[in-house]
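Enquirer: Take a look at this one; I'll ask things after.
The values are calculated or read from the model by the stated rules, or taken from the named source; none is laboratory data. What you see is a predicted model, and the numbers here were worked out from it, not measured in a lab. Backbone-built Cβ (ideal geometry, glycine too); neighbour counts: all protein chains shown.
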Amino acid sequence: MIAFGCAVTNEKIYTQCAEPGIRRASEPDSENLTVESAGSIYRNYNLLFDKVSDRDDVEALVLVHQDAEIVDDDFCAKAREGLSDPAVAILGSAGAIGVRNIAWWEGSVVWAAYTHRFLELGGGDIAAMSWRPDEMPSYARTGEVDMIDGFVMVFSPWAVRNLRFDESLGWLHGYDFDICMQARHAGRKVAVADMRAIHHHSLELINDAEAWIEAHMRLAEKWQGKVPDAGEGGGDWKHRARRAEAEASEARMQAAATRILAEARLNVLGEQLERTQGSASWKLTKPLRLAKRLLLPSNRQR
């Protein structure tokens, strides 16, 4: 049996996003487990682990953000296939190699099977690589990675029994980096599969920069030298060097978010223009606009 778990802090978001996706992905014997927020995401996810860790009938535990919607009817089959290698402890929909810290997107992203859906600017989607097969880069692949994006995570029975989210690390950020590092440090694998989902998320990627920076620093210090590449980068281990590294990563992500926002605005404007120019009223008034241009003084002088 494959169980699904979600930490619910906003019932409306859960019922609009995670719950219908879990229903779509579930099998007849699947269980849907929820916890109301007990504090940090680290704590909430440990509570979900505790619900199934002593059960022999659980093949996998899928942890889903309340704003994540699974849209893959074959999700369970793909999860089983991904965990068929007994060395795989954690499976996700997006991941990267060469990951040094919680800014996993600064590594080499090799797979992303989700769409980012936002409400700003009238709403829209930013499709990841696997949703655009005609634009799939040559390096795209599923399989082993260093880290996955934690909005949808599938855990093997071994992982549920042997791993725990480190509640000393903070409130929200870095939980996915830490759990992936734990699995790799124990000699297990982290992998990605073509399990499609939609992440309903604001274009604002970080709403608390200071908390993100603090998590970046703590996790880099925790894992330096324990897992290849983890915690490495810029300078020695003095506090200001770690902070500078974290601030640089945060600034790069904010810059990326700004670019995404600009592209989204251009897409919305382009769609609005296309709809306007394709409307019956636009076509009917074309002669009037032409006549107006011809009658303008500046045009008559030419």
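Enquirer: Looking at the range 126-163, which of its residues are over 30 Å from A209 (Cα atoms) and either among the basic types (K, R) or surrounded by 22 or more Cβ atoms within 10 Å (Cβ to Cβ) (or both)?
Expert: R132, R141, S156, A159, V160, R161
For every residue, the table says whether it meets (1) farther than 22 Å from S249 by Cα; (2) without any contact (Cβ under 8 Å) to a residue 12 or more places away in the chain; (3) touching a strand residue (DSSP E or B) at 6+ places or on another chain (Cβ under 6 Å); (4) in a loop (DSSP other than H, G, I, E, B).
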site	(1), (2), (3), (4)
N101	no, no, no, yes
D134	yes, yes, no, no
P137	yes, yes, no, yes
M153	yes, no, yes, no
M181	no, no, no, no
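Enquirer: Mind checking which residues of the range 139-151 are in contact with a Phe, Trp or Tyr (Cβ under 9 Å, 6 or more places away or on another chain) and not in a loop (DSSP other than H, G, I, E, B)? It would help to see each step written out before you state the result.
Expert: First pass over the range 139-151, keeping only residues in contact with a Phe, Trp or Tyr (Cβ under 9 Å, 6 or more places away or on another chain): 140-143, 145-151.
Correct list: G143, V145, M147, I148.
Enquirer: Check whether at least one residue in the range 70-78 is over 23 Å from L203 (Cα atoms), of a type in the set (F, W, Y) and in contact with a strand residue (DSSP E or B) (Cβ under 9 Å, 6 or more places away or on another chain), and report yes or no.
Expert: Checked the range 70-78: at least one residue is over 23 Å from L203 (Cα atoms), of a type in the set (F, W, Y) and in contact with a strand residue (DSSP E or B) (Cβ under 9 Å, 6 or more places away or on another chain).
Per-residue answers, yes or no, for (1) part of a loop (DSSP other than H, G, I, E, B); (2) buried (at least 17 other Cβ atoms within 10 Å of the Cβ); (3) without any contact (Cβ under 8 Å) to a residue 60 or more places away in the chain:
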position	(1), (2), (3)
F165	yes, yes, no
W171	yes, no, no
V190	no, yes, no
M195	yes, yes, no
N207	yes, no, yes
A211	no, no, yes
H216	no, yes, no
K226	yes, no, yes
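Enquirer: Identify all residues within the range 115-138 that are at pLDDT below 80 and of a type in the set (S, T, Y); write none if there are none.
Expert: S130
Enquirer: Residues being out of contact with any helix residue (DSSP H, G or I) (no Cβ under 6 Å at 6 or more places or on another chain) and either under 21 Å from W212 (Cβ atoms) or β-branched (V, I, T) (or both): count how many of those fall in the range 90-114.
Expert: Let us first name the residues in the range 90-114 that are out of contact with any helix residue (DSSP H, G or I) (no Cβ under 6 Å at 6 or more places or on another chain), namely 92-95, 97-100, 104-111, 114.
When the remaining residues are screened for being either under 21 Å from W212 (Cβ atoms) or β-branched (V, I, T) (or both), the result is 92, 94-95, 97-100, 104-107, 109-110, 114.
Total meeting the criteria: 14.
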